[in-house]
Amino acid sequence: MLNLLEYPPFFFFSLLLVIAAIIIYFTYSFKVLKVVENKKLNLIYSKIEAEKKIAKEFKNSDNDVVVFNNKTQIKLQKIKVGILNIDFTLRELIHH
């Protein structure tokens, strides 16, 4: 059987090759993973921007709804006052 301790240069050279191969593998894996994760982050960022745009549109539409609601309330108040005036006028005509 081959004893690696009897051949220190071979052992260290083999160990150095294994370490170099591991470093190259992890460096390559890291770069690939970095590219993939950057793509995912960019996709998420674009989705967030789209959601912000939609939220802004909804916020503006909420303001439109509030304005419309206020106008409707004002019109209803005018109608109520008109009805009260008509009712009062009819009562005055009937009682006189």
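The values are calculated or read from the model by the stated rules, or taken from the named source; none is laboratory data. Since we're looking at a predicted model, the values are computed, not measured. Surface accessibility is based on the protein's heavy atoms, side chains included, excluding ligands, DNA and RNA. Shrake-Rupley method; radii C 1.70, N 1.55, O 1.52, S 1.80 Å.
For segment 23-34, the set of residues classified as open to solvent by less than 80 Å² (accessible area, probe 1.4 Å) and not polar (S, T, N, Q) consists of VAL32 only. Taking the listed residues GLU6, GLU51, GLU92, the one that is at pLDDT below 90 and open to solvent by 100 Å² or more (accessible area, probe 1.4 Å) is GLU6, with no other qualifying.
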